[in-house]
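Report on the structure given below.
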Amino acid sequence: MTPGLASAIFGRLAQAVLTALAASMLVWALLPLAPGDPVLRIFEARNILEPNDLQIANLRAEMALDQPLPNQFAHWLIRVTQGDLSVSYRTGRPVLSELLDRLPATLLLLGSALAGSIALSLLLSIIAVAWHGKWPDRAIMLYTQLGAALPTFVLALLVLQYVVVGAGVGKVLANGSASLVLLPALTIAVDRAAGWTQLLRASLLDAGAANHAMVARARGATPRYVLLRHSLPNGIVPFLTAIGISIGGLIGGAPIIEEIFTWPGIGRYLLQALSARDYPVIQGFVLISGLSYVGASLIVDLVTMLIDPRLRRPA
Amino acid sequence: MSDVLLACKRLTIGYGAGPTVVQGIDLTIRAGECLALVGPSGSGKTTIARAILGLLPPGAQTSGSLTFQGQDVLTLDEAALRQLRGRAIGYVAQDPYQACDPLRTVQTHVSAAWAVHGERPAAGVVCERLAQAGIADAARAIDQYPHQWSGGMLQRASIAAATAHAPALLVADEPTSALDTDRADAVLATLKASGSAVLLISHDLGLVLRHADRIALCDEGRILETGTPQALSISSNRYVQNLFSAVGVPSRKGREHQGEICLSGRGLGMRYGGHDAISDCDVSVYAGEILGITGPSGCGKSTLLRLLGGLERPYAGTLKRSVALNRPGSIMPVFQDPVVSLNSRWAIWRSLTEPLTARHLPRLSQKQRRDRAAAALEQVGLGAVDPESLPGQLSSGQCQRISVARATIGQPAIILADEPTSALDTIARQQVLNLLSGAALDGTAIVLVSHDQHMLNQFADRVLVMQDGRLAVRGPFSQRAAVARPF
C-alpha cells in the first residue's frame, strides 16, 4: 500500500465517522421534537398508568432529560454506543432487541435483492453494449424505461397477484426464511436494476468511445477484450457510486415491500411503529438506515479508490 | 525504387447521405520510408488512417482499393484484420494520456501489445523495449500509472507498444501535437528508428519538413500534391505555396515596447497541496507588447498566466495592476482548444459579443449585438461566416479566430493566450498570430504562453523561459539569444 493510498483511506474513514456523528444528531433530535413526554410514554408502556412524582423525577434523571440539550445528546449518544436504544412505547421491550429479532429477515431480503440487482444490471448492460443498436440492446432499453418508470410496489402487487396467488409459486404469508426470499428479492432487483442498467450501459458506451479503446482495437484487440478489460473497469465507477447512493432508498423502500409480501423484517415493524407513534422504534430504524448508508458509501468509495489510481491522492 | 508496401487507388470514403470525406485519392507508401500526410483539420487525414487499420466507423461506405502487402484491406474480414493490426500495422495515437487506459500501469499498457493477441511477452522484454525507446530507469517507472509519466515519455512507451511486433508500417496520427517542440523531434526520431515505414499524419508542416522523406498534401479529401520536401517547396500549386509561406511565423523582431507597465508581479509564488507550482517570479507586462512565456509541460506557465489574470490569488508576492485593469473585461483570455472555449449551444454572435454585456457598458439590443458580431467577423477575415452558426459547424481554425475576436471586441488592456495555436494547422496558426499582432498594435498587451519556442522567438517582443516553476531566463529576445536552450 502506497503512502498516498493509506492517507486517502484514512481521510475517507475520518469523513465517514463525522458523517455518522452528524446523522446521529439528526436522529436524536427526533425525540425532543416529538409530541408528548417520553417519560410518561415509557411508564405507559410499563403498564404504570399513574406514576408518582418521585418515579417520574427518577426516570427523568436516569434519561438525563432534566439537563440542557447538548448534555441530553451526549448522554443519548453514550447510551446508544452501549446498545441501549430505549424501550418501545408499544411493547415495553428494549428497541434494540426488537429490531435485532427482525434484522436477519430484512438483511436476507435486501442483501439478496442487492446482489441480484447488481448481477442483473451488469449482465444486461454488457449484453446491451455488446449488441449495441441491435435488438437485444433495444429490448433491454425498453425494460429499463418501463422499470424506471414503475414504482416497486406496483410490480410487487402484480407478482403477488399473478405469480403467488395465480400460479401458486411461493407463499402469501412469508416467514422470512431463505427458501421464500426469491420472489420478493427478485421483485426489488428487477425494479432497481432498471435505472442502474441505464447508467452502466451509458458509461460503458462512453468508455468504449475513449481513445484508449480505439488504440487497443488498433493493436488487434477483439471488441470483447476492449469491453471487459477497458470499458468495464472505466465505466463501473459511476455505477458503484450510484449503488452507494441508493442504499438509503433501498432501506427506505423496504417497509412497503415487506408489508406487501408480509415479510417479518424491520420494515414492517417500522410501519406498525409509525401508526402507533412509537418514536424510539422509529428512531432506531432511522439510525440503522443512516448508518447503513454511511457504511455503504464508505465501502463504495474505498472500492473505487482501489479501481482508479487517480483517486488515491489525498484530497 | 523500393517495394511498395501500401497502395491506395481511387480510394473514396463517405457516410451514407453525408459528405464524401475522402475523394478518390491515390497514395503509395514504400517499405522503410517516412511519408507525411499533411493538411488542415477536416481534410480527411484521420479517416485515411482508420481505413488503413480497417477501423472505419460503422456505416462508412468505401470504393476503390487499399492494398497492403498484396491484400485489399477494404475486403478483409474482421479476423484477418485483427491479425494485421498490431502485427503488420502499428498505430500511435495523438495524445499519449488518452491513448492509455488511466486505470492500468504503463507495464500493462505496453504488454497489452502481446496480450491482445493472446500472447505473453518474454520476461524483461517490456523493460528492454522501453529502454530502447529512450526511457531511463524503465524497470522502476514501469509500475507507475500513465498520469505519473510525462507526455514525452509516455508517447515513447506508446511507440514501444506499437512497434512490439516490428510492424512493416506504423500509422502515427498527430503523434507529437500534445508535446513540446524539442520532445516532438525526439519522439519522431524514435518513430523512425523503429525501421518500419511510417505514415506520419500531421498539421505541422514545419515539423514534417524536418523529418519526412516524402510529403503528401491533402485538402478537402483530395491529395493535392505528393513529393519530396524539396520538390514541394518549388511547387506551382497556389495552395501549396500558401502552405509553405505560412510555415514561418509573422516576425516582429526589433520592435521595442514603448508602452507603460500595466501589470507587474514581484516574487509571485503559488502552492498546490504543499507543492510549489511556481515561486519567486518577477513579471512586468507593458501596454502594446507581446510577451512570450515558454517552458516544458508542467513548468508552471499556465499557473503564472492564471495569477496574472487574477483567476487565482498568489500564495506569495504582490501583483500591481494599472487603473485601467480594474474595470471588468479588461483582461481577456484565449484558450488552447478553440471549439470547447465557445459555448457549443450558443450562436457565435452571442459568444462573440458577450464581453459587450459587461455591467458598466451601455446595454445593446440583440440586433446591435448581431451587427457588432458581423463587423468583428469581417475584421478577422470570416465575413462569409453566418453569425447564427454554432461552433460545431466551424473548423477549429475558424473557432480560434472567433475566440480572438471575442477577446478583442471590448478593447481589453491585456489578452492572456494559453497555447492559442497548438491545436491549429499551419495556415490557421498564421491567421491567429496576425490577429494577436494587430491587437498589440492597437495598444493591447498580449501574454502568449506556448511550448513552441521557435514560434515565440520569431513572434514575441520578449520571451520568458520557465523551468520547474521559476523564470530561468529574462529579458528581451536579443539578450537571451546566446543562452543555450535549457531543455
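The values are calculated or read from the model by the stated rules, or taken from the named source; none is laboratory data. All figures in this text were calculated on a predicted structure; none of them were measured in a lab. Cβ placement follows ideal geometry from the backbone for every residue including glycine, while neighbour counts extend to all protein chains displayed. Note: accessible area is taken over every heavy atom of the protein model, side chains too, but ligands, DNA and RNA are not part of it. Shrake-Rupley method; radii C 1.70, N 1.55, O 1.52, S 1.80 Å.
Which condition from (1) touching a Gly at 6+ places or on another chain (Cβ under 9 Å); (2) buried (at least 18 other Cβ atoms within 10 Å of the Cβ); (3) within 12 Å of chain A (Cβ to nearest Cβ); (4) on the phi < 0 side of the Ramachandran plot is the one that B:Arg156 breaks?
Going through the list (1) touching a Gly at 6+ places or on another chain (Cβ under 9 Å); (2) buried (at least 18 other Cβ atoms within 10 Å of the Cβ); (3) within 12 Å of chain A (Cβ to nearest Cβ); (4) on the phi < 0 side of the Ramachandran plot, B:Arg156 breaks only (3).
In segment A:229-239, which residues are more than 11 Å from chain B (Cβ to nearest Cβ) and buried (at least 19 other Cβ atoms within 10 Å of the Cβ)?
Correct list: A:Phe239 only.
From A:Leu49, A:Leu54, which residue is more than 32 Å from the chain's Cα centre (by Cα) and not in a helix (DSSP H, G or I)?
A:Leu49
Tell me whether segment A:159-177 contains one or more residues that are open to solvent by 40 Å² or more (accessible area, probe 1.4 Å), under 25 Å from the mean Cα position of the chain (by Cα) and over 13 Å from A:Trp263 (Cβ atoms).
No, segment A:159-177 contains no residue that is open to solvent by 40 Å² or more (accessible area, probe 1.4 Å), under 25 Å from the mean Cα position of the chain (by Cα) and over 13 Å from A:Trp263 (Cβ atoms).
Cβ-Cβ distance below 7 Å, separation of 6 or more or different chains: which pairs start in segment B:188-216 with a residue that is within 22 Å of B:Ala157 (Cα to Cα) and end on one that is in a strand (DSSP E or B) and of a type in the set (Lys, Arg)?
B:Ala197/B:Arg30
So B:Gly118 ticks every box in (1) more than 9 Å from every other protein chain (Cβ to nearest Cβ); (2) within 24 Å of the chain's Cα centre (by Cα) but one. Which box is left unticked?
If we test B:Gly118 against (1) more than 9 Å from every other protein chain (Cβ to nearest Cβ); (2) within 24 Å of the chain's Cα centre (by Cα), just (2) comes out false.
What's the number of the only condition in (1) open to solvent by less than 10 Å² (accessible area, probe 1.4 Å); (2) free of Cβ contacts under 8 Å to residues at least 12 places away in the same chain that B:Gly273 fails to meet?
Single failed check for B:Gly273: (1).
Here's the yes/no breakdown for (1) under 29 Å from B:Ser297 (Cβ atoms); (2) surrounded by fewer than 19 Cβ atoms within 10 Å (Cβ to Cβ); (3) not aliphatic (A, V, I, L, M):
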residue	(1), (2), (3)
B:Asp185	yes, yes, yes
B:His203	yes, no, yes
B:Leu209	yes, yes, no
B:Gly227	no, yes, yes
B:Asn237	no, yes, yes
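Do we have B:Leu307 as crowded, with 17+ Cβ neighbours inside 10 Å and touching a Pro at 6+ places or on another chain (Cβ under 6 Å) here?
It is true that B:Leu307 is crowded, with 17+ Cβ neighbours inside 10 Å and touching a Pro at 6+ places or on another chain (Cβ under 6 Å).
Test B:Ala138 against the criterion of being open to solvent by less than 20 Å² (accessible area, probe 1.4 Å), more than 14 Å from every other protein chain (Cβ to nearest Cβ), under 19 Å from B:Ala189 (Cβ atoms) and free of Cβ contacts under 8 Å to residues at least 40 places away in the same chain, and give yes or no.
For B:Ala138, the condition - open to solvent by less than 20 Å² (accessible area, probe 1.4 Å), more than 14 Å from every other protein chain (Cβ to nearest Cβ), under 19 Å from B:Ala189 (Cβ atoms) and free of Cβ contacts under 8 Å to residues at least 40 places away in the same chain - is met.
So in segment A:203-228, with the set limited to residues that are among the hydroxyl-bearing types (Ser, Thr, Tyr) and at the interface with chain B (Cβ under 9 Å from one of its Cβ atoms), which one is nearest to B:Thr108 (Cα to Cα)?
A:Tyr225
Can you pull out the strands (runs of 3 or more DSSP E) entirely within segment B:1-107 that have at least 2 residues that are under 18 Å from B:Ala161 (Cα atoms) and in contact with a helix residue (DSSP H, G or I) (Cβ under 9 Å, 6 or more places away or on another chain)?
B:89-92
Does segment B:169-178 include one or more residues that are among the aliphatic types (A, V, I, L, M), farther than 23 Å from A:Asp308 by Cα, open to solvent by 20 Å² or more (accessible area, probe 1.4 Å) and over 20 Å from the mean Cα position of the chain (by Cα)?
Scanning segment B:169-178, I find no residue that is among the aliphatic types (A, V, I, L, M), farther than 23 Å from A:Asp308 by Cα, open to solvent by 20 Å² or more (accessible area, probe 1.4 Å) and over 20 Å from the mean Cα position of the chain (by Cα), so the answer is no.
Does A:Leu120 qualify as being open to solvent by 40 Å² or more (accessible area, probe 1.4 Å) and touching a residue at least 40 places away in the same chain (Cβ under 8 Å)?
Criteria met by A:Leu120.
Could you check segment B:334-354 and list, in sequence order, the residues that are at pLDDT 90 or above and over 15 Å from B:Ser389 (Cα atoms)?
B:Val334, B:Glu354 - these are the residues of segment B:334-354 that are at pLDDT 90 or above and over 15 Å from B:Ser389 (Cα atoms).
When both residues are 6+ apart or on different chains and their Cβ atoms are under 7 Å apart, which pairs have a first residue that lies in segment A:226-254 and is under 17 Å from A:Val286 (Cβ atoms), and a second that is surrounded by fewer than 19 Cβ atoms within 10 Å (Cβ to Cβ) and not aliphatic (A, V, I, L, M)?
That search, which allows pairs on different chains as well, returns A:Ile247/A:Ser292; A:Ile251/A:Ser292.
Scan segment A:267-304 for residues that are within 14 Å of chain B (Cβ to nearest Cβ) and open to solvent by less than 20 Å² (accessible area, probe 1.4 Å) and jot them down.
A:Thr304
Here is a list of conditions, (1) in contact (Cβ under 8 Å) with a residue 40 or more places away in the chain; (2) under 30 Å from B:Val38 (Cα atoms); (3) of a type in the set (Gly, Ala, Ser); (4) not in a strand (DSSP E or B), and B:Ala231 meets all of them except one; can you say which number that is?
Single failed check for B:Ala231: (1).
Hey, could you check segment B:46-102 for residues that are among the polar types (S, T, N, Q) and within 13 Å of chain A (Cβ to nearest Cβ) and say which is surrounded by the most Cβ atoms within 10 Å (Cβ to Cβ)?
In this case the residue turns out to be B:Gln94.
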